[in-house]
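Just so you know, all these numbers are worked out from the coordinates, no wet-lab data involved. It should be emphasised that the depicted structure is a prediction, and the values quoted were computed from it without experimental measurement. Here the Cβ positions follow ideal geometry from the backbone for every residue, glycine too, while neighbour counts run over all protein chains shown.
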Amino acid sequence: MRIAVVGATGAVGKECLHLLQQGVVPVDDIVPVASGASVGRDLNSELGLDLPLAPVTTVEAVDFTKVDVAVFCAGADTSRAEAERAAAAGALVVDNSSAFRHRADVPLIVPEVNPHLLANRPATNLVANPNCSTIQLVRALHPLHAHAGLDEVVVATYQAASGGGQRGLAELADTSRRRLADPDASVDPPGRFGQPLAFNLVPEIGLSDDTGFSHEERKIVAESRRILGLPELRISATAVRVPVFDCHSETVRVRTRRPVSASGVEDALATVDGLRVYRRTESPSYPMPRQVALTDESRALVHVGRIRIDPDDDHALWLWIVADNLWVGAALNALNIVSVATKTGWLA
Ligand SMILES: NC(=O)c1ccc[n+]([C@@H]2O[C@H](COP(=O)([O-])OP(=O)(O)OC[C@H]3O[C@@H](n4cnc5c(N)ncnc54)[C@H](OP(=O)(O)O)[C@@H]3O)[C@@H](O)[C@H]2O)c1
């Protein structure tokens, strides 16, 4: 299989390459694509990889009739400009951006939740990868729905700087260093996150509309309903950027249709592939971003802890969810989509 990674020098694209090195999807040939500024870069030597990889090229230079799969992770503008050309040429496009997520003719896939939508190749040749916060949320909600029925979901996110790509990571590191070196310095100017992030919390990710909800919050709501196949689900979100480098965390309150117990919820989630449950008897009984980011094994999982039943309502529970936004929330989900497509046979 020949795969193009569009945005290969970015935060998500590099993780795609690392996962391809691990054989998540077997490939014969990789075409790394980035902006004109990166043309000619040798990503094998830069990233310490040993992949069948040509030097970086531009998207305009790629002949997509000779590409089986194109994973786009170069932002919505590049996807809007180039993804449909790639798809029309015959490549299966898995797009990490928000460009196509709202389109009815483009399946929005989390393989652990709705892989059946890939039984047939989409006529558009396009598949959308959901928003990173949405993916970890629905992977916990889907088994909970089977266990007790979802009635209402209220989520607050704690989103890492890596969600803002390479620039976001560099900005958090630089501004943190500056602030530590000179605590009396004036607050940094707004950058990648709209507000200074170092030693701060930014409770608005993307622009807010006239209801007051931010773009990120609206994406979590709309995408969760669609992926879970629950268009009427009552769900609302508060999305917050936090000065953490890796992994998104979420506090979730779920109201269920049937009564629940903490041990019943722990047992129901513990049987699900790809979920790691932290039981109340464990210490600590919760995952944390820095620990989750430490190993490949934990980066590949959705971690769920602090499972508590509301003492005044046996139809309501609280969860704490942590997952690596670059893996679970982006690169790994995209490559798992490719893997599902391969297994259906229509990508052979
Ligand atoms: N970061 C996350 O946690 C996350 C999670 C889910 C989805 N996503 C989505 O994934 C996409 C990439 O995010 P990221 O965080 O990886 O961003 P990033 O670190 O800023 O990387 C952007 C990549 O796009 C490339 N690029 C820019 N303009 C291009 C063009 N005209 N043609 C081809 N390549 C171009 C860049 O190349 P140069 O290096 O040459 O500039 C770089 O490789 C975005 O749509 C984002 O919303 C991100």
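For the pair ALA88/ARG41, report the inter-label distance in nm, with labels modelled 7 Å from Cα in the Cβ direction.
Modelled inter-label distance: 2.9 nm.
Springs between alpha-carbon pairs under 10 angstrom, Gaussian network model over the chain: which of GLU171, GLU232, GLU250 fluctuates most?
Result for the chain, Cα springs under 10 Å: GLU232 fluctuates most.
Where Rh is the Kirkwood radius over the Cα pairs of segment 134-324, the temperature 10 °C and the viscosity 1.306 mPa s, what D in µm²/s does Stokes-Einstein return? Kindly include the intermediate steps, with their values, before the conclusion.
Values: Rh = 17.6 Å.
The Stokes-Einstein estimate is 90 µm²/s.
When Lys and Arg each count +1 and Asp and Glu each count -1, what net charge do the other residues less than 14 Å away from VAL202, Cβ to Cβ, add up to?
On the way: positive: ARG192, ARG241; negative: GLU171, ASP188, GLU204, GLU216, GLU217.
Around VAL202, the charge tally is -3.
Among 41-47, 222-228, how do they line up by average Cβ neighbours within 10 Å per residue, starting with the highest? Display every interim value, and only then the final one.
On the way: 41-47: 15.1, 222-228: 21.7.
Packing proxy ranking, top to bottom: 222-228, 41-47.
Normalised radius of gyration for the chain, please: alpha carbon Rg relative to 2.2 N^0.38 Å, two decimal places. If you can, show how the numbers build up before the last one.
Numbers: Rg = 20.2 Å, N = 348, 2.2 N^0.38 = 20.3 Å.
Here the answer is 0.99, to two decimals.
Using Cα pairs closer than 8 Å and at least 6 residues apart in sequence, work out the relative contact order for the chain, in percent.
Details: 746 pairs, mean separation 64.5, N = 348.
Dividing the mean separation by the residue count of the chain yields 19 percent.
Quick test of the membrane-span-like rule: which DSSP H helices of the chain reach at least 20 Å along their long axis (C-alpha atoms) with mean Kyte hydropathy at least 0.0?
On the way: long enough: 132-148 (25 Å, 0.43); 165-181 (24 Å, -0.82).
Correct list, ordered by number: 132-148.
Express in nm, to one decimal, how much length is gained between ASP310 and ALA170 on full extension, taking 0.36 nm for each residue of separation and deducting their alpha carbon distance. The partial results should precede the final answer.
Details: separation 140, 0.36 × 140 = 50.40 nm, distance 4.02 nm.
This chain segment gains 46.4 nm when fully extended.
For the chain, with a Gaussian network of springs between Cα atoms less than 10 Å apart, report the residue from ALA270, ALA37, ALA128 with the top mean-square fluctuation.
Between ALA270, ALA37, ALA128, it is ALA37 that shows the largest mean-square fluctuation.
Looking only at ASP188, ASP209, ASP151, which one moves most when the chain is put into a Gaussian network model with springs between Cα atoms under 10 Å?
Highest fluctuation among the options: ASP209.
Pulled fully out, how much extra length does the chain show between LEU180 and GLN291, if you take 0.36 nm times their separation in residues and subtract their Cα-Cα distance?
Details: separation 111, 0.36 × 111 = 39.96 nm, distance 2.36 nm.
Roughly 37.6 nm would be gained on extension.
If you add up the charges near SER285, with Lys and Arg at +1 and Asp and Glu at -1, over every other residue whose beta carbon is less than 14 angstrom from its beta carbon, what do you get? Walk me through the numbers on the way to the answer.
Working: positive: ARG276, ARG279, ARG280, ARG306, ARG308; negative: GLU266, GLU282.
Residues close to SER285 contribute a combined charge of +3.
Quick query: amide H of LEU150 versus all other amide H atoms, modeled in the peptide plane; which residues come in under 5 Å with a sequence gap of 5 or more or a different chain?
Sorted by chain and number, the residues that satisfy this are ARG257.
What is the dipole size for segment 134-324, taken about its Cα centre, with +1 at each Lys and Arg Cβ and -1 at each Asp and Glu Cβ, in debye to the nearest 20? Could the numbers behind the result be given before it?
Numbers: 23 positive and 27 negative charges, 42 e Å.
The calculation lands at about 200 debye.
Compute the signed sum of charges (Lys and Arg +1, Asp and Glu -1) over the other residues within less than 14 Å, Cβ to Cβ, of CYS132.
Charge balance in the 14 Å sphere: -3.
Once both labels are modelled 7 Å past Cα along the beta-carbon direction, what's the GLU152-TRP346 spacing in nm?
Result: 3.9 nm between the two label points.
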